[in-house]
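The values are calculated or read from the model by the stated rules, or taken from the named source; none is laboratory data. Keep in mind it's a predicted model, so treat the numbers as computed, not measured. FYI the Cβ positions are ideal-geometry reconstructions off the backbone, even for glycines, and counts take in every protein chain you see.
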Amino acid sequence: MLATTSSSQRRSVAGRSGYNAVVSAPPRNLELEAVIVREPDAPDGYLVYGDWLLEQGEPLGELVSVQSARAMDPLDEDLARREKVLLETHARSWVGYFARSRHTWKFGFLESIVVSEASAEDCAELHALLAARFLRDLELELLGHRNFENSQLISALVEGGLPPILRRLALESSNVRSVSLGSIRALYPRLASINDLTIRAWDIDLGPIVLPNVESLALTTDLTLATLHALANAHWPKLTSLSLDFGSRTYESETIEPQAMDPLVAALGRSGSLRHLTLAVWSGGAVLRQLAGTDLLASLTSLSLPRGAIGDDDGRALLEQEGAFAHLAAIDLSDNQLSSEVCMALKNAFGERITVEQQGAIPDEEAYDDIVE
């Protein structure tokens with residue numbers, strides 16, 4: 001990602017550089033915007049909107065027209081040159097200090113953006129940008145050790161809403177355990193149109209999960225009974241891909257027993273829609289054993305149980321029930337506790353469909369290297 005300044009630094013730069021003008025009320029035509037929202041991948045709606053913006057004296061309208069035209073004729077060199085000139089000349093005024101964040105354009109508007117050290121004020125200012133009106137992919141990198149501000153960020157998303165065609169939202173921290181989001185219960189109504197959701201923070205109050213259109217969810221957080229209860233009772237009828245990473249800290253847990261996963265496994269099986277499951281948890285061996293014969297396993301096409309405590313007994317149980325797992329296109333048991341002997345047997349049984357790299361308790365490392373090469 002491109003280098004960015006902190007939120008407080010960016011705001012002082014914004015004032016000195018006159019960026020505040022960027023967030024003044026831009027022209028709006030709700031009727032033309034509604035056409036785009038109904039067909040967000042059709043260039044025609046953007047072309048009409050671009051012409052209207054030009055009539056209002058808004059220079060972004062030319063970029064809308066140029067990029068929309070390029071979508072229909074990507075080999076037009078004149079359009080490509082004009083697009084480059086427009087972005088070099090005006091992009092900074094169109095997106096202000098967000099110009100230093102990683103971003104892409106589509107049909108004259110921001111298509112995706114990654115905001116570092118995201119704050120509530122950042123969300124409000126991004127919401128006000130004309131160029132962000134049809135944002136499709138938003139990644140907010142959370143503030144470490146400043147959990148009150150992360151709570152304010154959630155409040156800002158709730159109050160301001162999300163762009164109407166946003167399909168991917170990521171709330172992430174590179175240092176998960178230092179970050180708390182608190183309650184995200186009030187955020188769910190704003191996520192009704194989201195297809196792809198990623199959340200990485202250690203302390204989260206998930207509450208009753210309602211995600212009617214989410215197809216892919218990746219969650220990294222602490223493993224608690226409340227979290228398991230929320231996941232087991234979630235409403236996500238279109239979910240096809242689920243990644244749950246509960247981190248290595250759960251090795252030390254004395255309160256979460258393997259059977260606590262049972263309601264979640266049963267609920268995912270009842271959904272019938274899940275195709276890809278990743279579960280990084282200390283009780284991965286118990287989960288592997290209990291999957292055979294379940295509706296959940298029958299619905300899956302790939303299964304990943306990395307960074308757990310899957311040992312030789314679990315691996316042998318998998319071999320004994322090979323037929324139940326035969327339909328899977330991919331099985332990932334990397335970074336567990338399997339010996340080279342059991343790894344060899346698994347590779348012989350499942351071939352290239354199984355991954356068993358980086359085992360933590362393998363006595364014969366050279367033999368294991370031969371297996372995975």
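Tabulated results
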| quantity | calculated |
| --- | --- |
| Residues that are in contact with a Ser or Thr (Cβ under 6 Å, 6 or more places away or on another chain) and part of a helix (DSSP H, G or I), drawn from region 105-121 | none |
| Residues within region 335-359 that are in a helix (DSSP H, G or I) and not aromatic (Phe, Trp, Tyr), tallied | 13 |
| Close pairs (7 angstrom Cβ cut-off, 6 or more residues apart or separate chains): in contact (Cβ under 8 Å) with a residue 12 or more places away in the chain and hydrophobic (A, V, I, L, M, F, W, C) in region 35-59, surrounded by fewer than 16 Cβ atoms within 10 Å (Cβ to Cβ) and assigned to a loop (DSSP other than H, G, I, E, B) anywhere | VAL37/PRO164; TRP52/ASN29; LEU53/PRO27 |
| Any hit, region 313-320, residues being in a loop (DSSP other than H, G, I, E, B) and free of Cβ contacts under 8 Å to residues at least 40 places away in the same chain | no |
| Residues that are surrounded by 20 or more Cβ atoms within 10 Å (Cβ to Cβ) and outside any helix (DSSP H, G or I), drawn from region 84-104 | SER101, HIS103 |
| Filter pass, THR198 being within 19 Å of VAL281 (Cβ to Cβ), part of a strand (DSSP E or B) and of a type outside the set (A, V, I, L, M, F, W, C) | yes |
| Answer from ALA124, ALA118 - the residue that is closer than 30 Å to GLY61 by Cβ and in contact (Cβ under 8 Å) with a residue 60 or more places away in the chain | ALA118 |
| Residue match in region 84-100 (condition: in contact with a Phe, Trp or Tyr (Cβ under 7 Å, 6 or more places away or on another chain) and β-branched (Val, Ile, Thr)) | no |
| Matching residues in region 335-373 - criterion: being within 26 Å of the chain's Cα centre (by Cα) and either surrounded by 20 or more Cβ atoms within 10 Å (Cβ to Cβ) or modelled with pLDDT under 95 (or both) | ASP335, ASN336, ILE354, VAL356, GLU357, GLN358 |
